[in-house]
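The values are calculated or read from the model by the stated rules, or taken from the named source; none is laboratory data. All figures in this text were calculated on a predicted structure; none of them were measured in a lab. Positions of Cβ are backbone-derived with ideal geometry, glycine not excepted, and every protein chain shown enters the neighbour counts.
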Amino acid sequence: MVDRGFGIEVEDSYGEIVQKSAFAPDWWSDADSVSFKLGDEPVTKSGTSRMNKRARAGILKPTGSTQADADLEKLAWYFLGFLDNYVYTAGEDEVNTHEYYGGEGKNLPSFRGIAVYDMLKKYIYGMLIDGLKLEASNDSVSVSADWIYKTEKAGIIGSSGETFTRPDELDEEIFLMFYDITLYLGTTVVSSETVPKLLDGVATAMSYEGKNNFDVDKTIGFGSRGPQKTAQAGKRENSISVTTTLTADTIRSILDAEYGQVGALEPSACKILQQPFQIDIALCEDSDIGCTILFPKCTLRVEYDMSGADAVEVTMTLDTLGSGEVTLADGETEVTTDMYVKLVNYQEKIEAKE
């Protein structure tokens, strides 16, 4: 019997080489795509010849990429790995709150994982999330991650005692659909209270892409082919793209974003529009769990053109600023951040296993 998939767990210490039997993924995913590569380009020398004459092993810069359907359980680990602050609050009836927000921390949590390609089993150590992407259009919501990692080991299932037992699925795992998502841009006042404002018109596609820009080169020094320590995160970049159409409902918000000022009919002399953007995820099957992703301050730009009699499609792109303030779930703590996530689900606090 062959199997395919991918799973991770939090490491206690970056890249610690533990026995294969110690791998116990916190979750398992029938991922749509999984790729892990050592990045081991050989070093060749030709001298005065037109042909390469000699070769030696090059340095290792292992990278990986995974893509799967998103759900409100597995997302907890992706946000933990991508953002540098995590706050857990236990709730009643096993419904708990996980909060994540971006700060100035450069050392992010690392994972170890298992990837299974039919009879080939890869044990992966020292995994860090370099990039995170969420995409939604008119189908299920996908989550993609770009990884860097320290090293790996292999096993052949059915040989030398190597086996594979599929880990248990997470409880209440329901993959997300596009209709579970509500988008908000800007704020409005309702009964003297400032609340998020629904995005104008009908949005047909949305994507979020974040990057941590790890500097792998600084982790490889004399005496080793591969990474020797955990990479530090560089500048965090967050970009959101929303696709809509030019209609009477959307024309005002499109011009506001294009011209940099609410109500403007020409480019502003010096202003740019800065507004919050919020993604709410709710499941009709289970109203106890949900997720809010808030980018408290974003710059906006729009692009559109027309072709024949087709509707005028508009792409609105938002880039985040790290100068917005968010109040955490305790109602008291305020943080300054570029990205905040509040995830309510059945998972307990995420931490390395003892």
Conditions (1) surrounded by fewer than 19 Cβ atoms within 10 Å (Cβ to Cβ); (2) touching a residue at least 24 places away in the same chain (Cβ under 8 Å); (3) aromatic (Phe, Trp, Tyr): number failed by Tyr100: (1)
Mind checking which residues of region 214-227 are loosely packed, with under 14 Cβ neighbours inside 10 Å and not hydroxyl-bearing (Ser, Thr, Tyr)? Asp215, Asp217, Lys218, Gly221, Phe222, Gly223
Would you mind finding the one in Ser207, Ser192 that is over 20 Å from Leu72 (Cβ atoms) and of a type in the set (Gly, Ala, Ser)? Ser192
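Would you confirm whether or not region 163-176 contains a residue that is part of a strand (DSSP E or B) and polar (S, T, N, Q)?
Here is the first cut: in region 163-176, the ones part of a strand (DSSP E or B) are 175.
Still in the list and also polar (S, T, N, Q): none.
Taking every residue of region 163-176 in turn, none turns out to be part of a strand (DSSP E or B) and polar (S, T, N, Q).
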Residue under evaluation Gly39, criteria (1) closer than 30 Å to Arg166 by Cβ; (2) modelled with pLDDT of 95 or more; (3) of a type in the set (Gly, Ala, Ser), criterion not met: (2)
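In the list Gly58, Gly81, Gly126, which residue meets the criterion of being closer than 22 Å to Thr219 by Cβ and in a loop (DSSP other than H, G, I, E, B)?
Details: Gly81 fails: in a loop (DSSP other than H, G, I, E, B); Gly126 fails: in a loop (DSSP other than H, G, I, E, B).
None of the other options fit; the residue is Gly58.
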Going residue by residue through region 187-204, is there one that turns out to be in a strand (DSSP E or B), in contact with a Ser or Thr (Cβ under 7 Å, 6 or more places away or on another chain) and surrounded by 15 or more Cβ atoms within 10 Å (Cβ to Cβ)? yes
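Residue-wise test of (1) over 24 Å from Val312 (Cβ atoms); (2) touching a residue at least 60 places away in the same chain (Cβ under 8 Å); (3) acidic (Asp, Glu).
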| residue | (1), (2), (3) |
| --- | --- |
| Ile148 | yes, yes, no |
| Gly155 | yes, yes, no |
| Gly161 | yes, no, no |
| Pro167 | yes, yes, no |
| Phe222 | yes, no, no |
| Gln228 | yes, no, no |
| Val242 | no, yes, no |
| Thr250 | no, yes, no |
With (1) of a type in the set (D, E, K, R); (2) assigned to a strand (DSSP E or B); (3) free of Cβ contacts under 8 Å to residues at least 24 places away in the same chain; (4) within 26 Å of Pro62 (Cβ to Cβ) as the list, and Lys218 as the residue in question, which single condition is left unmet? (2)
If I go through region 128-146 residue by residue, how many of them are within 13 Å of the chain's Cα centre (by Cα) and over 16 Å from Arg236 (Cβ atoms)? 5
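Quick grid of which residues meet (1) part of a loop (DSSP other than H, G, I, E, B); (2) of a type outside the set (Lys, Arg):
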| residue | (1), (2) |
| --- | --- |
| Val242 | no, yes |
| Ala257 | no, yes |
| Arg301 | no, no |
| Tyr304 | no, yes |
| Gly308 | yes, yes |
Could you please tell me which pairs satisfy a Cβ distance under 7 Å, a separation of 6+ or placement on different chains, a first residue in region 57-72 that is on the phi > 0 side of the Ramachandran plot, and a second residue that is of a type in the set (Phe, Trp, Tyr) and not in a loop (DSSP other than H, G, I, E, B)? none
Output yes when any residue across region 149-162 is among the charged types (D, E, K, R) and farther than 23 Å from Phe23 by Cα, and no when none is. no
Out of all the residues in region 260-291, which are touching a residue at least 24 places away in the same chain (Cβ under 8 Å) and either within 14 Å of Ser241 (Cα to Cα) or surrounded by 19 or more Cβ atoms within 10 Å (Cβ to Cβ) (or both)? Leu273, Gln275, Pro276, Phe277, Gln278, Ile279, Ile281, Ile289, Cys291
Would you be able to say whether some residue in region 39-53 is under 26 Å from the mean Cα position of the chain (by Cα) and among the aliphatic types (A, V, I, L, M)? no
Could you tell me whether any residue of region 33-44 is at positive phi, touching a residue at least 12 places away in the same chain (Cβ under 8 Å) and outside any strand (DSSP E or B)? yes
